[in-house]
Amino acid sequence: LLALWPYLGRLQVTGVENPSSRQDIWLTSLKIARDHLGLGIGTSPERFSELWYSHNPSARESVKHAHNMVLEWLVDFGVLGVVAIVWLLLGLLRLGWLRQGGVGVVIVLALITLNMADVSLFYTWVFAPLILYLNSSKPHV
């Protein structure tokens, strides 16, 4: 993320009257996370939007989430939640390795990487097929 920082301003949120760059959204998300570091703010898009406006009083658009998986977890669940989620993801990587070998690990890592610019890994239509695939054959060991 830090290596891409100079280019982040070019990424735009589409479908809003006055688009904010992902960089602006991410910076504000970091401020919100800093203010609610322990347990986060919860998963309410309305709460995120309310805090978004408190940090950006002149904003004309509604931003309802961080548009980055790790930042979203940090904002929603705080540091304790992020630790728990990382533990779960490590378990998912382990499951991928044990059930599908290197292919399973690559698939899990690809989904995690694709979700860095948004949040969808734990949506049922993404997560359920992943779990079904990882459990679809004999253990790799």
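Where a number appears in this text, it was derived from the coordinates with a stated rule and is not lab data. Remember, predicted model here, so these are calculated numbers, not experimental data. Cβ atoms come from the backbone with ideal geometry, glycine included; neighbour counts cover every protein chain shown.
Treat every Asp and Glu Cβ in the range 22-112 as -1 and every Lys and Arg Cβ as +1, leave all other atoms uncharged, and give the resulting dipole magnitude about the Cα centre to the nearest 20 debye. Please report the intermediate quantities before stating the final value.
Numbers: 8 positive and 7 negative charges, 54 e Å.
Result for the range 22-112 is approximately 260 debye, rounded to the nearest 20.
In a shell of Cβ-Cβ distance under 10 Å around S44, excluding S44 itself, what net charge do Lys and Arg (+1) and Asp and Glu (-1) give?
Values: positive: R47, K64; negative: E46, E50, D76.
Charge balance near S44 sits at -1.
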